[in-house]
Amino acid sequence: MKKKLFVLALVVGFVMATTGFALAGSNPLKANEHKVHQSFIAEIPADHMTNVFKLHEVWQKAMADPAYRKQIYLIDVRTDSEFDAFHIEGTDHVQAGHMYVIPKKIKDPNAEIYIWCRTSHRAKYVGGFLYKYGFKNVYVVSSTVRNGKTYKGGVVGWAQAGFPLVNQFAGTFKIIKYRKSPSKAEMSYRLRMWHPY
């Protein structure tokens, strides 16, 4: 009898532990993150959601006209390592987690500000925060459909559209195929001092 109770206790314990691990694997906060993200998106006027094609027009004008460049802010909110890997030439950089520095540096609530990240998730948070701070002219680079093709927001959409990027080592270049994760060939290295994967 004691042996049967012991085995039963082991089985029940195993089932409870397995169930607990399975439940722990799901993220109960994900739905709340989505709600919070939507609340920040709601702060951004619909006509201030823009796309990479409009950003490209504004960027070209800013690069050609120094007076116009002084009137607007083109801000990439990706991380330092993302920005260093490649970015849009001549643009500013403030990591999304440090957005609190923007109102310290840009004191005009009517300043024209363009915000983007890799796609648009972080940019929408930052854009929503900037509207909460009191800015009135913030444009968030988001996805769009053009000629039947979907272009993401941010530098992914910029690359998809074939617009130029830059870094300090390679100079100006265009990405011919943007990959979300490294290829098998990229992961099959034999020796590297450091790698980001």
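Are any residues in the range 77-103 acidic (D, E) and more than 28 Å from A64 (Cβ to Cβ), and if so, which ones? Of everything in the range 77-103, just one residue is acidic (D, E) and more than 28 Å from A64 (Cβ to Cβ), namely D80. Screening the range 36-49 for residues that are under 21 Å from K152 (Cβ atoms) and β-branched (V, I, T) and picking the one that is surrounded by the fewest Cβ atoms within 10 Å (Cβ to Cβ) gives I41. Being closer than 20 Å to E57 by Cβ, surrounded by fewer than 17 Cβ atoms within 10 Å (Cβ to Cβ) and either of a type in the set (K, R) or more than 15 Å from the chain's Cα centre (by Cα) (or both) holds for only one residue in V101, V145, and it is V145. Among the residues of the range 104-119, the one identified as buried (at least 20 other Cβ atoms within 10 Å of the Cβ) and farther than 16 Å from F83 by Cβ is I113.
Residue check: K30 meets all listed conditions (1) closer than 21 Å to H121 by Cβ; (2) at pLDDT 95 or above but one, namely (2).
Only one of the numbered conditions (1) modelled with pLDDT of 95 or more; (2) farther than 26 Å from F163 by Cα; (3) part of a helix (DSSP H, G or I); (4) not acidic (D, E) is not met by G20, and that is (1).
Among residues of the range 50-91 being surrounded by fewer than 14 Cβ atoms within 10 Å (Cβ to Cβ) and among the small types (G, A, S), the one that is nearest to the chain's Cα centre (by Cα) is S81. Is it the case, given these coordinates, that F135 is over 18 Å from the mean Cα position of the chain (by Cα) and surrounded by 10 or more Cβ atoms within 10 Å (Cβ to Cβ)? So F135 passes the test. For the range 68-88, the count of residues that are of a type in the set (V, I, T) and farther than 21 Å from Y151 by Cα is at least one. Please determine whether any residue of the range 74-94 is assigned to a helix (DSSP H, G or I), touching a helix residue (DSSP H, G or I) at 6+ places or on another chain (Cβ under 8 Å) and closer than 20 Å to L130 by Cα. No, the range 74-94 contains no residue that is assigned to a helix (DSSP H, G or I), touching a helix residue (DSSP H, G or I) at 6+ places or on another chain (Cβ under 8 Å) and closer than 20 Å to L130 by Cα.
Condition check for R190 on (1) within 18 Å of V58 (Cα to Cα); (2) at pLDDT below 95: one failure, at (1).
The values are calculated or read from the model by the stated rules, or taken from the named source; none is laboratory data. Quantities reported herein were computed from a predicted structural model and do not represent experimental measurements. Here the Cβ is made from the backbone with ideal geometry for all residues, glycine too, and neighbour counts use every protein chain on show.
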